[in-house]
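Written out below as structure tokens is the structure these notes cover.
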Amino acid sequence: MKRVAIARCPDYTQENLEAAISKIAECSSFPDLEGKTVLLKPNILSDSPVEDGITTHPEFVRAVIRLCKRKGASRIIVGDSPGISTPGFFPRQCKIGEVCRQEDVQWADFFKDAREHRIPGTKSHLLLCAALDQADVLISLPKFKTHQLMYTTGSIKNLFGLVPGLHKSPCHLLYSRRESFAKLICGIYEEAKPAYALMDGIIAMEGPGPANGTTRALGLVLGSSDCPAIDFTQALMMGYKPTLVPIIRELKRRKLLDMDIEYTIEQPYVIKDFKLIKVTEKTHFMQSLALPFLTRGFMKRAQRREPAPIFSDQCHRCGKCIRICPAHALSLDGKQPIKPSIDVTKCIRCYCCHEVCPFDCITVKK
Ligand code: SF4
Ligand code: SF4
């Protein structure tokens, strides 16, 4: 039986964080860190201001660093690599970099010495950060958030950040359906083998996450030595039928999800009126079939039934969406008002553009 600890934590003061996180660690098989090197993987997504609620809160990261020190870790590395980051990326705006300096722990450049790994359950080899090889223990620190493509961002989806920067883009092209992308993410999980996850749900994100949703104060921290169990619990608490979430379904298919979960400290509950990404039943049904006799054309047509992103006239023309688009479906053609034009026939509905737009100019209509 897997165990998930759920604790209340009203805010990001160190006093309250320490109390909640220590209690969770006590009740949920926190790994032995004595003399070990630990890699902490927060969710940075895009280096944005703390108040936007996109990234794992820096004080949450500080509290986990301090917990690891108390547990005897000999070396602590913190790292992430947002989709459009370049070598030498350092998280300034979200303040996680500053926390690393203050706590005297190493910030890892995920581009440096990244090594190719075979991804279990797929035919792919992917570059993953060297810090993964250097660490004895990997701890995922996700934010409690929705996700336009995967419906939820959890401790397992958070591991996609182990792939350095724009090396992620081709993955969206190769694994362009929700179901196939979930396969890739679960493969990365199997390869990375995180030992523990602590989820920041003190200020969560609902609605069109992972970057353009709205913040919601939940005052919750979740912890588990089993990433599938914590992600299953998150989906349940958001109000999804967990097995409709592609990553959860893929974990179940791989027999990596044990739904017999024991809860400690607090019991899970469905959060009232939590704004979800709508699961399109029709598309979900077609995608979930994923049968070999379905032609590529059939699957493409199913994909095109998903909503394409819409660009607002308030665009600041920063070009981030164009740079990240794996399908090269976006361009600035100089027409007034100047904003990216989209070739909907090329668009694979990965919603990476929606994730990276710093000005909330991209919407995905239901
Ligand atoms: S336009 Fe946006 S949703 Fe479409 S392929 Fe490009 S990044 Fe993905
Ligand atoms: S839509 Fe957003 S990301 Fe794209 S160019 Fe405009 S402001 Fe930048």
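Sequence gap at least 6, Cα distance under 8 Å: using those rules, report the relative contact order of the chain to the nearest whole percent.
Answer for the chain is 19 percent.
Compute the helix-to-body angle for 14-27: its Cα long axis versus the longest principal axis of the chain, expressed 0 to 90° and rounded to tens.
So the inclination is approximately 80 degrees.
For a quick check of understanding: with a 1.4 angstrom probe and all protein chains in place, what accessible area in square angstrom does Tyr269 have, to the nearest ten?
It works out to around 80 Å².
If you plug each phi of region 162-173 into the Karplus form 6.51 cos²θ - 1.76 cosθ + 1.60 with θ = phi - 60°, what whole-Hz ³J(HN,Hα) values come out, in order, with x for Gly and Pro?
6, 7, x, x, 5, 4, 6, 4, x, 4, 5, 6
His167 to Ala217: FRET efficiency via 1/(1 + (r/R0)^6), r the Cβ-Cβ distance, R0 41 Å, to the nearest 0.05?
Working from the Cβ atoms, E equals 0.70.
In degrees from 0 to 90, rounded to the nearest 10, what is the angle of the helix 58-70 Cα long axis to the longest principal axis of the chain?
For 58-70 against the chain, the angle is about 40 degrees.
Using alpha-carbon pairs under 8 Å, 6+ residues apart, how would you state the relative contact order of region 114-241 in percent?
Result for region 114-241 is 28 percent.
Would you mind checking the pairs Lys2/Lys272; Lys112/Lys145; Lys145/Lys183 and listing those with alpha carbons more than 23 angstrom apart?
Cα-Cα > 23 Å for Lys2/Lys272; Lys112/Lys145; rest within.
Under 1.5 on a/c is rounded, so check that first for region 2-265, then, if it is not, pick prolate when a/b is larger than b/c and oblate when it is not; a ≥ b ≥ c are the square roots of the alpha carbon gyration tensor eigenvalues.
Judged from the Cα gyration tensor, region 2-265 comes out rounded (a/c under 1.5).
Could you identify which residue out of Lys278, Lys335, Lys69 has the top mean-square fluctuation in a GNM of the chain using Cα springs shorter than 10 Å?
Looking only at Lys278, Lys335, Lys69, the biggest GNM fluctuation is shown by Lys335.
How many angstrom lie between the C-alpha centres of region 337-366 and region 20-97?
30
Roughly how many nanometres apart are two label points built 7 Å out from the Cα toward the Cβ at Arg70 and His125?
Between Arg70 and His125, the label points sit 4.4 nm apart.
What list of ³J(HN,Hα) couplings, whole Hz, do you get for region 346-357 from phi and the Karplus terms 6.51, -1.76, 1.60, once you set θ to phi - 60° and write x for glycine and proline?
Going residue by residue, I get 8, 4, 9, 6, 8, 6, 4, 4, 4, 5, 8, 4 Hz, with x marking Gly and Pro.
For a quick check, take a GNM of the chain with Cα springs below 10 Å and name the residue from Leu173, Leu162, Leu184 with the largest mean-square fluctuation.
Leu173
If one takes the longest principal axis of the Cα atoms in the chain, at what angle in degrees, from 0 to 90 and to the nearest 10, does the Cα axis of helix 227-238 lie?
Result, in degrees: 70.
Which ³J(HN,Hα) values in Hz, rounded to whole numbers, follow from the phi angles of region 186-192 under the Karplus curve 6.51 cos²θ - 1.76 cosθ + 1.60, where θ = phi - 60° and Gly and Pro get x?
Result, rounded to whole Hz: 5, x, 5, 4, 5, 6, 7.
With every protein chain kept in place and ligands, DNA and RNA left out, what is the accessible area per residue of the chain? Probe 1.4 Å, answer in Å².
42
Hey, which of these cross-link pairs are over 18 Å Cα-Cα: Lys143/Lys241; Lys320/Lys365; Lys157/Lys193?
Check vs 18 Å cut-off fails for Lys143/Lys241; Lys320/Lys365.
Quick check: at a probe of 1.4 Å, how many percent of the accessible area of region 107-151 sits on carbon and sulfur atoms?
44
Calculated FRET efficiency, Thr37 and Leu276, Cβ-Cβ r, R0 35 Å, to nearest 0.05?
0.40
How much of the accessible area of region 307-364, probe 1.4 Å, is carbon plus sulfur, in whole percent?
Looking at region 307-364 in its full context, I get 54 percent from C and S.
I'd like the antiparallel share, as a percent to the nearest 5, of DSSP beta bridges with both residues in the chain.
Expressed as a percentage, antiparallel bridges in the chain total about 55.
Pulled fully out, how much extra length does the chain show between Leu256 and Leu174, if you take 0.36 nm times their separation in residues and subtract their Cα-Cα distance?
27.2 nm
Is the C-alpha gyration tensor of region 63-132 telling us rounded, prolate or oblate? Criteria: a/c under 1.5 is rounded; beyond that, a/b larger than b/c is prolate, otherwise oblate.
It comes out oblate by the Cα gyration axes.
In what order, largest first, do His328, His125, His57, His117 sit by accessible area if the probe radius is 1.4 Å?
The residues order as His328, His125, His57, His117, largest area first.
Would you please give the residues with an amide H less than 5 Å from that of Thr55, counting only those at least 5 places away or on a separate chain, with H modeled from the backbone geometry?
It is none; the list stays empty.
Fully extended, how many nm does the chain gain between Asp11 and Asp113 (0.36 nm per residue separation, minus their Cα-Cα distance)?
Fully extending the segment from Asp11 to Asp113 adds 33.0 nm.
5 Å is the cut-off here: which amide hydrogens, built 1.01 Å from N in the peptide plane, fall below it relative to Arg216, excluding neighbours closer than 5 in sequence?
Residues meeting the criterion, in which the H sits 1.01 Å from N, are Ala204, Met205, Glu206.
The values are calculated or read from the model by the stated rules, or taken from the named source; none is laboratory data. All of these numbers come straight from a predicted model, not from anything done at the bench. Using ideal geometry, Cβ is built from the backbone for each residue, glycine included, and neighbour counts are taken over all protein chains shown. Note: areas computed on protein heavy atoms with side chains; ligands, DNA, RNA excluded. Shrake-Rupley method; radii C 1.70, N 1.55, O 1.52, S 1.80 Å.
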